[in-house]
Structure formats: C-alpha cells, structure tokens
Amino acid sequence: MSKLQQLEQIRQWRLPTPRFSSVRYEDFRQGAFQIGRLRFPVAVRSTFALEDGEVHSYAGHFATVLSVEEEQLEEALEEVFGSYPEPEGSRAIVQEMIDPEYSGVLFAFREGAWKLELIEGQGEGLASGYRQPETILLPRFGRADAWASAVYSFWQGFPGKSRSLNRALIWLSYYSQVLLREMDAGYGLDIEFCISKGRPLLLQARPITTPKEAEEVLTSANHKEILPPHPSPLMSAIISKAGYRLFDYYRNLDPTLPRRAFIREAAGMPWINLSALLDVMVHWGLPTQLVCRSVGAEDFYGVSLRPYRALAKAPVFFNVLQQQLSAKSRIENWLDNIRGRFAWRRNHRELLWENKKGAAFKEWLSDFENLYVELVSNMQILTGAMAGPLAILDKLGLLGKLSGATEEKSASTDYLKAFSRLQESSIGRKDFLEQFGHRGFYESDIGQKRFFEYSEADWRQLLGEQSIAEPEPPGRQNANALWAKLLAPAIRLAQSREWLRNETMKLFWDFRKEMLEQTDFNFWEYRPDALKAYFKGKQSQASLPPTPSSLPSGWDMDTFLCNGYGRRLPLSLLANIAKRQNELKAGIGIYPGKVEGYVWRVRSAGLGNLLPPTEQPAILVADALDPGWIPYFSRVKGVISYVGGLLSHASIILREARIPAITQLPAHIELNDGDWIEMDGQTGEVRVLSERESEEV
C-alpha cells in the first residue's frame, strides 16, 4: 500500500491528519495539476508504490521536501518525481505543513510493547537522526480512555510535560488501535505523528517489516527468587517453551486479549514478560502498580484505576471471582488427580525405559512440562485471589501483624520449624527427610539436588555448629487476634499457595529421581533436543554437545527492554523511569520490627556460604529470597532483599515466623558485608551506621 493510499484510508476512517492532495506525474509534466485549497507552506512527499510494502520498506529512499511555498512547488515536485526509479504513472503527495509542538514515531507492534519516540518541534530531526528523542512505552488505551482523559488524570505519561501532551498521546494510542484493526499489517505499524495545539495528527502509518525489533519489558522478579543464579539448561528450555501456554490463563478469562508470551528467553535465561502482564492490567482498567508491587518491578506505565473500564470488564472479573472462590477445592482436586495420573504414567514408562527409551523420555518431558504449566497456572489463580485482600491489609499496616498472629501456619513455615528442630537435634534426620527430603536450595529447578541426595559432608555443611536464633514468640495481641479471625480466609489463601508449592515439589522430586535412575550423568546440563537424540540412540553420552564454557548472563538485570535479536537495554533509557531512579528511599516492609546488626551479604543460596559472619547479631541481605533460604533465616535477626514482593514465598514465611524483614530495597542503597545497619521492617527504611559507631555499640 502506498503512502497516499494510507492517507486516504486514514481520512476515510475519520482519523485526524493534515489536509492533503496529490499530483499525477503526467499532469505535472503537462503543467495541468491542482492542489485544491491547501494553504502554503506545504510538504511535498513521495508515495512510490514500493515505498511502504508488507515485506520491504524503502523509507527514506525517495525525496520529501518540506516548507514549500507556492513559487517553489514545481521545483519541489520535480525533485520528488526525480527520486522515483520510474515516475510514469506515479503520484506525489502535497500536504499542508503543520507547526507542531511535538513530533514523533510510535512503533505499535501487534505482539510487543509500544515504543514511542518524541521530540519538540518538527519531526525531520528525528527522522534524520541528528536529534535525540525522549522515549517511553505507550499503554494501549481505548476510546473511553481518550474521552475520560479530559476530566480524569489516570496516566503519568511524560514527566515534566503538560497534561495536554499526555492527553494527546492517549488519543494517539486509541487511533493506533483503530489503524491496527483496519490495516493489513501482520507485525504492526510504524506510525509517524505530530501534535499541534494539543491534538495528535497522523502523518503516516507504514507496516513494520522487522518483527524481531519488537521489544518486551522482561524482569527477573519471581524467577530470581525461585531459580538459581544460573538455571540448568534443561529447566530454562522447559520454562521458556511454556511462555505462550502460561499467558493463555489470561486469554481464557478474556479472549479479547492478544497472543503474548508470559515467559521470554534472553541471554540464556527465562524471564517474566512484565509488559504483557501490564498490558493485561491496562486492558482490564486495573492499576499497573498492582502487578509491579506484587513482583517487585518498576512500574514503567504508571496507569491508575479506571473504574469505567473495569466495569466494562465485569464478566471477566466475575469469571475470575468464581475461579478464586473455588480455588482451594479446585487445587486440592487437581493435586489428587495429577498424583494419580502421573503415578499411572510412571508405571507405564517403566516398560518404555526398557524397550523404547526415546518414547519414554518424550513422555517424561511432556508430563513434566504439563506439570510446570499447571503449577504456575494454579499459582496465578491463588495469587490473584489473595492479591487484593493482602494489599488492603498492607495499606492498613496490618499484614505483618495479622500473619504473625494467625495460629495456623503455612507448609513453608512448618519447613522452617522442622529445620530448626533438626539443627537443635530435637528431631532426627530420618524424620526430617520423611517430611521435607524432597526440598532443597532452588528446588524449582529440576537440576538442583534435594535433601534426599545429600552426603554426610553436605549435611555437616548444612547444619553447621551455629545455634539457632529463634524467631520472636507470638505475643497475645487481642486486637490482632480478632482481625486475624475476621480475615483468616485471605491469609489462608497464602497458606494454600505454600501448601501447593510443597506438594508440587514432591512431584518435582519424583521426576528428578526417575531421570537419575535412567542416566549416570548430569542430565539437567543439556537441553531437551540433545537428550532426545541421546535416548533415541542417535548420540552417545560422549558425543552430547558439551555444556557451554561461558555461563548465561545470570540475573544480571532486574528489569530491562529486550527485542527478538536478544538486544537488552536498561529500563533507565525510558524518560519516565530515568527521572525516578534515585527518588526511592526505602523498600517495602514485610514484617515490623527495628533491628540493628552486621550485614551478612549473600548473593545466592548454597552449601558453600552457610556459615554466618563472626560478628553478631547478623542481618541477612540477599538479591532475592525463596523457601530454599530457610537454613539462613534461622541464623539471623533480620532479613533484607532487593527483589521480591508482598506475596512471594519468602515474604509469607518471614511474616509467619515473625522475623523483621524488608523487600524491594532500592538498588542504589548498597549494603556490604560488615556494615552496621539499622532496619525497620514496618517502614522499609534502612540506615547505615558508621564503623566507629558500630564498634561502640
């Protein structure tokens, strides 16, 4: 489709664009052309047939002449037609020049975040590359949002700029969705626009021909908590493959959502697709902070609640509510069914392992992938059910107190108590293994050892000789106890999620044990395709592709932009994020309590660094936490993490165990081994005290 055809369609759809006309080459040669009532100055623009195709874009190959006065029109037309390979039968566009306040480009991908680049004034500086634009990610707003923006401010938009600009961009977002709906552009549209007198005007909408340039905002979030610094290649592949199936949880609730991936692989690691989750929140009229606060990530959209939009999605929320009301019984039934199903299939595979190893591994892999998808989908249901009530409790300052006051504790807290008793020798190792032998460090990765597999040397490292620092005993607080009874259902949902995690880890152990019985090498160090070839007899163990000598990146970036080529860019490149970078002064309080102590800085959990510092009392400071850190919790007076959320597994344990804790500590607050600090688990504040003061304490 030519540029002229695009403009004609934009006008036909009643979308705003500067007035324009066109000139046929033959009429121009004969001097018999007219441009109607267009006001000068004008822009003379190319509209060659090949310029903006679906497969190739020739943007910039043909001439455009700006600010053309009446006496310059013929010369400008000559220049534009002269840039065409074959001008016969072609046309040129003559369009009124606009003196805009802003100009920009919006890359509106069908699958991916919408990136908007903006400069002040005319847009030729942006197109030519000699002016650096400001960049944000534009939410997908609808028509109701555009109308509501006149009376209701619900989007932070560009920081430090006028509200009229942000309103214009909300209208632009709506117009872009109309274009995507009407135009045949498989990957999305590259939309040029300007903003004049607070009104967006569409200048061009060409199909995107580079789908791999689509960017998503990826975050370590929950994965950094539950997976090791370098997840096993097998687990990474399984998680990444599940990306689209996991997002289907949301699409099943609301079929109007576009296809997206919940998980994306980048730098050899599986990351959570935060932009896809936030687009769901925008689509449903919910505040984007709801997700960001839960997973501990930067809110790069800054969209607040829009009640009219949420009301329109009432059928979706009704389905969600029905799902959540039956969540506990549904998940119990799921576990009962899946235990029986997998037990039957394991028995079936015993014969396959003897005769058809390739078929047995294919079935094992399919079953494990399904288990992972169903586990995460059920976790999503429970997280959604408890997110609202627990967020309210947190705002009231009751969450930590209520979790501590509730008599019934979660399975993960039982795990903490059992480990403490094991270290005190009040229970034997056999009893501990009977209850929790299936658990271990970073147990969500099938490549990690379980307690069942520990050697005597491992146990000596795990238990150590340190005495256990008992959590503060629960106090008798009648007010809290009353609230705890009233709000017990919300807290029990969190406990259900910990029970689900514990029971599913038993199944993870069954899958790991089955593969250990069939191999005498570290099977988790290979991706599924390599293992398929091995079990089919196409490759020997010696010929399996070696594990790469250079490890994946690890969780080296908490949240970042990533395109299909694997290019990763920090989120600070976005204008609305860069100006907020160092504004945060505190984290989020998980459990109240003021504690002073020496920093015990641990980057990742493992047997090699379980010995706490000689300086006591100690406060554990980690990048992210998980139930696998339980052996550390029993050795400290307080816990701080840089990544996490109110609903993370570790946060639930720390609240129930009454250990003062903070999560989402801003990255610019650096805490190092040996620092003497004061932490406040109520406010999330951390104060670093001087070394001299620490010696005097």
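The values are calculated or read from the model by the stated rules, or taken from the named source; none is laboratory data. Because the structure is a prediction, the values reported are computed rather than measured. So basically every Cβ, Gly included, is an ideal-geometry build from the backbone, and we count neighbours across all protein chains shown.
The table below gives the values:
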item	result
Qualifying positions in segment 209-229 - touching a Leu at 6+ places or on another chain (Cβ under 7 Å) and at pLDDT 90 or above	E215, V217, L218, T219
Every residue from segment 617-652 that is of a type in the set (V, I, T) and either in contact with a Pro (Cβ under 6 Å, 6 or more places away or on another chain) or under 23 Å from W676 (Cβ atoms) (or both)	I619, V621, V636, V639, I640
Check on T683, surrounded by fewer than 20 Cβ atoms within 10 Å (Cβ to Cβ), outside the structural domain of R501 (by TED's automatic domain parsing) and among the β-branched types (V, I, T)	yes
Residue within segment 298-305 that is touching a residue at least 24 places away in the same chain (Cβ under 8 Å), among the aromatic types (F, W, Y), in a helix (DSSP H, G or I) and buried (at least 17 other Cβ atoms within 10 Å of the Cβ) present	no
Boolean, P617 is surrounded by fewer than 21 Cβ atoms within 10 Å (Cβ to Cβ), touching a helix residue (DSSP H, G or I) at 6+ places or on another chain (Cβ under 6 Å) and modelled with pLDDT of 85 or more	no
Where a residue in segment 450-469 is in the same structural domain as F508 (by TED's automatic domain parsing) and its partner, wherever it lies, is modelled with pLDDT of 95 or more, with Cβ under 9 Å and at least six apart	none
Test: residue in segment 155-166 that is aliphatic (A, V, I, L, M), out of contact with any helix residue (DSSP H, G or I) (no Cβ under 9 Å at 6 or more places or on another chain) and under 22 Å from P100 (Cα atoms)	yes
Residue match in segment 645-658 (condition: assigned by TED's automatic domain parsing to the domain that holds Y442, surrounded by fewer than 20 Cβ atoms within 10 Å (Cβ to Cβ) and either of a type outside the set (D, E) or more than 28 Å from the chain's Cα centre (by Cα) (or both))	no
Answer residue from segment 89-110, given it is in a strand (DSSP E or B) and among the polar types (S, T, N, Q) and is surrounded by the fewest Cβ atoms within 10 Å (Cβ to Cβ) among those	Q95
Of all residues making up segment 297-333, the number that are within 20 Å of R251 (Cα to Cα), within 23 Å of the chain's Cα centre (by Cα) and among the aromatic types (F, W, Y)	1
The one condition in (1) in contact (Cβ under 8 Å) with a residue 40 or more places away in the chain; (2) under 48 Å from the mean Cα position of the chain (by Cα) that R39 fails to fulfil	(2)
Residue in segment 163-178 that is crowded, with 16+ Cβ neighbours inside 10 Å, closer than 30 Å to G268 by Cβ, out of contact with any Cys (no Cβ under 6 Å at 6 or more places or on another chain) and in contact (Cβ under 8 Å) with a residue 12 or more places away in the chain present	no
Where S232 falls short, out of the listed (1) in contact (Cβ under 8 Å) with a residue 60 or more places away in the chain; (2) among the polar types (S, T, N, Q); (3) under 24 Å from D279 (Cα atoms)	(3)
Qualifying residue in segment 534-543 (condition: modelled with pLDDT of 85 or more and part of a helix (DSSP H, G or I))	yes
I590 being touching a Lys or Arg at 6+ places or on another chain (Cβ under 9 Å) and buried (at least 17 other Cβ atoms within 10 Å of the Cβ)	yes
Some residue of segment 359-378 being assigned by TED's automatic domain parsing to the domain that holds D510 and over 30 Å from Y534 (Cα atoms)	yes
Verdict on I662 being in the same structural domain as Q448 (by TED's automatic domain parsing), in a strand (DSSP E or B), touching a residue at least 24 places away in the same chain (Cβ under 8 Å) and within 28 Å of L493 (Cα to Cα)	yes
The listed residue being among the aliphatic types (A, V, I, L, M) and either in a loop (DSSP other than H, G, I, E, B) or farther than 24 Å from A418 by Cβ (or both), out of V639, V599	V599
Top-ranked residue in segment 111-128 [being small (G, A, S) and not in a loop (DSSP other than H, G, I, E, B); ranked as modelled with the lowest pLDDT]	S128
Condition check for I468: surrounded by 13 or more Cβ atoms within 10 Å (Cβ to Cβ) and either within 15 Å of I652 (Cβ to Cβ) or modelled with pLDDT of 90 or more (or both)	no
Subset of segment 408-463 that is among the aliphatic types (A, V, I, L, M) and in a loop (DSSP other than H, G, I, E, B) - its residue that is modelled with the highest pLDDT	I446
